[in-house]
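The structure appears right after this line, and notes come after that.
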Amino acid sequence: MVLSQLVQRKVLLRQLMAVILSMLCMNFSHKRLYYMKKKLRTLKPKGLQFI
């Protein structure tokens, strides 16, 4: 009984870590995309206008 509870807890912790990591990655990529868009908007080179 104790062993199975420990295993379940380990699995739950692993899932929680995965969720937190994915959320952090999404947040980071979102900020990065926003920053890149802002940079493109401020630079506005003639070659990148059609993108």
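The values are calculated or read from the model by the stated rules, or taken from the named source; none is laboratory data. These figures come from a predicted structure and were not determined experimentally. All Cβ positions, even for glycine, are placed from backbone atoms using ideal geometry, and neighbour counts span all protein chains on display.
Among the residues of region 40-48, is any loosely packed, with under 10 Cβ neighbours inside 10 Å, of a type in the set (A, V, I, L, M), modelled with pLDDT under 75 and not in a helix (DSSP H, G or I)? Within region 40-48 (the criterion being loosely packed, with under 10 Cβ neighbours inside 10 Å, of a type in the set (A, V, I, L, M), modelled with pLDDT under 75 and not in a helix (DSSP H, G or I)), the answer is no, since none of the residues qualifies.
Total residues in region 1-43 satisfying the condition of being among the aromatic types (F, W, Y) and over 17 Å from the mean Cα position of the chain (by Cα): the figure is 0.
Q5 passes every criterion in (1) modelled with pLDDT of 85 or more; (2) surrounded by 10 or more Cβ atoms within 10 Å (Cβ to Cβ) apart from (2).
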